[in-house]
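First up is the structure itself, then whatever we jot down about it.
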Amino acid sequence: SPKGQELQDHYFGMVKDRILSFMHDFEMKALELGIPVKTRHNEVAPAQHEVAPLFEKASVAIDHNILLMEIMRQLALKHNLACLLHEKPFAHLNGSGKHCN
């Protein structure tokens, strides 16, 4: 890991309550729109977290990815958070891993 990103709280640490509240609201909103998501944990970079939609056809998944990013931005404001969706790498930290395989 790059310097400063090798702490134990990445991946394996508990998700902080404030972020967990945001993630819960995000997951509920996604489900309301018919986008089931899984995977909720910290990521390598500080203050970075992961969520993953379930596998689906790429044409639908790409639309869902864009919709999910917009939901994240809107809900982040309501939770007094900033949602950065910058590509990797960003300022010597791991950036967003948003992609469609």
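The values are calculated or read from the model by the stated rules, or taken from the named source; none is laboratory data. It should be emphasised that the depicted structure is a prediction, and the values quoted were computed from it without experimental measurement. Note that we place each Cβ from the backbone using ideal geometry, even for glycine, and neighbour counts take in every protein chain shown. Areas reflect the complete protein model, heavy atoms only, side chains present, ligands, DNA and RNA absent. Shrake-Rupley method; radii C 1.70, N 1.55, O 1.52, S 1.80 Å.
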- Go through the range 69-81 and give me each residue that's farther than 12 Å from Asp25 by Cβ and touching a helix residue (DSSP H, G or I) at 6+ places or on another chain (Cβ under 6 Å). none
- Quick check: anything in the range 85-96 at pLDDT 75 or above and over 11 Å from the mean Cα position of the chain (by Cα)? no
- Query: Out of the range 21-37, which residues are in contact with a strand residue (DSSP E or B) (Cβ under 8 Å, 6 or more places away or on another chain) and within 19 Å of Cys83 (Cα to Cα)?
  - Reply: Met23, Phe26, Glu27, Ala30, Val37
- Being modelled with pLDDT under 90 and in contact with a Leu (Cβ under 7 Å, 6 or more places away or on another chain) is the filter here, so list the residues in the range 15-36 that pass it. Pro36
- Query: Out of the range 40-71, which residues are open to solvent by less than 50 Å² (accessible area, probe 1.4 Å), among the β-branched types (Val, Ile, Thr) and either over 18 Å from Leu81 (Cα atoms) or outside any helix (DSSP H, G or I) (or both)?
  - Reply: Val44, Val51
- Task: Answer with yes or no whether Ala76 is under 12 Å from the mean Cα position of the chain (by Cα) and of a type in the set (A, V, I, L, M, F, W, C).
- Result: yes
- Task: Tell me which residues, restricted to the range 39-48, are farther than 15 Å from Met69 by Cα and of a type outside the set (Ser, Thr, Tyr).
- Result: Arg40, His41, Asn42, Glu43, Val44, Ala45, Pro46, Ala47
